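Heads up: the structure comes next, in structure tokens.
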Ligand code: 13P
């Protein structure tokens, strides 16, 4: 049984003080009982204060990006060692916004994923097609290339512990969620591909999230699909009620 993982990607929202206030309220509202893992990914300056506010709780911390080198003259970058030392468990890699605005490539995501795993961080690798690609029937082709290139050369045991987030770009921040059937099809495709590339055990253990306009009222249907093991949530993760509601709906899907 894979443990579902609900992660809030806050993007470039919340100052450190807003972030601390948020997690204090989240701890009251969202219990991690019920077998769902809860993760928050604040912006870099909020990571340490949020870690302190989360001390003693089951909610895990994620960074939204990192560089692949351990240290060096790379102005503006943050290394996996630094993130591990401050208590991050996860790091989101290759989000479509990073690909679009900061030129990230599958090859770069692959280097980052290796560096993260080497330092004990669990990568959440984001993949997903654009609207034009979907309309041309290219979803599987695009997602296949992303998974093959981002995960290239990883050991099956490493793939088994990581997370892939399927986030169709046209569903991000648009209010347009993929149908549960389409989301399930894409996640099942990713799992079959991982089975072919890394073997059945890695595929069985890999957790695959869906992301794109996830809200409390569409969570349960998405999360009850066999190959969807959680959600990467943007907008709705910025409000305590929204995020706690998604966690609760996921718990219901697990229990039913
Ligand atoms: P929304 O939930 O705002 O659509 O964002 C999804 C996302 O990009 C999470 O990484």
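Starting from one equal scatterer on each C-alpha and no solvent at all, send me the Debye-based log10 I(q)/I(0) for segment 129-256 at q = 0.11 Å⁻¹, two decimals.
Per q value, in the given order, log10 I(q)/I(0) is -0.38.
What shape does segment 45-145 take by its C-alpha gyration tensor, where a ≥ b ≥ c are the square roots of the eigenvalues and a/c under 1.5 counts as rounded, a/b above b/c as prolate, and the rest as oblate?
Prolate shape, in that a/c is at least 1.5 and a/b is the bigger ratio.
Only Cα pairs within less than 10 Å get springs; with that Gaussian network setup on the chain, which residue of 129, 148, 85 has the largest fluctuation?
85
What spacing in nm lies between the two simple spin-label points modelled at residue 241 and residue 24, each 7 Å away from Cα in the Cβ direction?
Distance between the two pseudo-spin positions: 2.1 nm.
Show that you can apply the helix-only estimate: for the chain, add -39,500 (n - 2.57) for every DSSP H stretch of four or more residues, divide by all residues, and state [θ] at 222 nm to the nearest 500.
That comes out to -14000 deg cm²/dmol.
For an R0 of 22 angstrom, estimate the FRET efficiency from the Cβ-Cβ distance between residue 102 and residue 148 and round to the nearest 0.05.
0.50
Could you tell me whether the chain comes out rounded, prolate or oblate from its Cα gyration tensor? Rule is a ≥ b ≥ c as square roots of the eigenvalues, rounded for a/c under 1.5, then prolate if a/b exceeds b/c, otherwise oblate.
Rounded, because the longest to shortest axis ratio a/c is under 1.5.
Give the calculated FRET efficiency between residue 131 and residue 55 to the nearest 0.05, with a Förster radius of 51 Å applied to their Cβ-Cβ distance.
0.75
Assign one of three labels to segment 205-256, namely rounded, prolate or oblate, based on the Cα gyration tensor with a ≥ b ≥ c the square roots of its eigenvalues; rounded applies when a/c is under 1.5, prolate when it is not and a/b is larger than b/c, and oblate otherwise.
Oblate is the answer for segment 205-256, as a/c is 1.5 or above yet b/c matches or exceeds a/b.
Hey, what did the chain get for relative contact order, percent, Cα under 8 Å, at least 6 apart?
About 21 percent, as a whole number.
When the gyration tensor of segment 75-117 is built from Cα positions, what are the square roots of 5 times its three eigenvalues, in whole Å, from largest to smallest?
Sorted largest first and rounded, they come to 19, 11, 10 Å.
Compute the relative contact order of segment 137-256 as a whole-number percentage, counting only Cα pairs closer than 8 Å that sit 6 or more residues apart in sequence.
Value for segment 137-256: 27 percent.
Any chance you could run the full-extension gain for residue 181 through residue 17? It's 0.36 nm times the residue separation minus the Cα-Cα distance, nm to one decimal.
Roughly 55.1 nm would be gained on extension.
Given a Förster distance of 35 angstrom, what is the FRET efficiency for residue 48 paired with residue 252, based on the Cβ-Cβ distance and rounded to 0.05?
0.55
Among 242, 234, 175, which one shows the highest mean-square fluctuation when the chain is modelled as a Gaussian network with alpha-carbon springs under 10 Å?
Top of the fluctuation ranking is 175.
Every read-out reported here was derived from the displayed coordinates using simple, explicitly stated rules and does not represent laboratory data. Please read these numbers as outputs of a predicted model, since none were measured by experiment. A quick note on method: Cβ atoms are made from the backbone with ideal geometry, for glycine too, and the neighbour counts reach across all protein chains shown.
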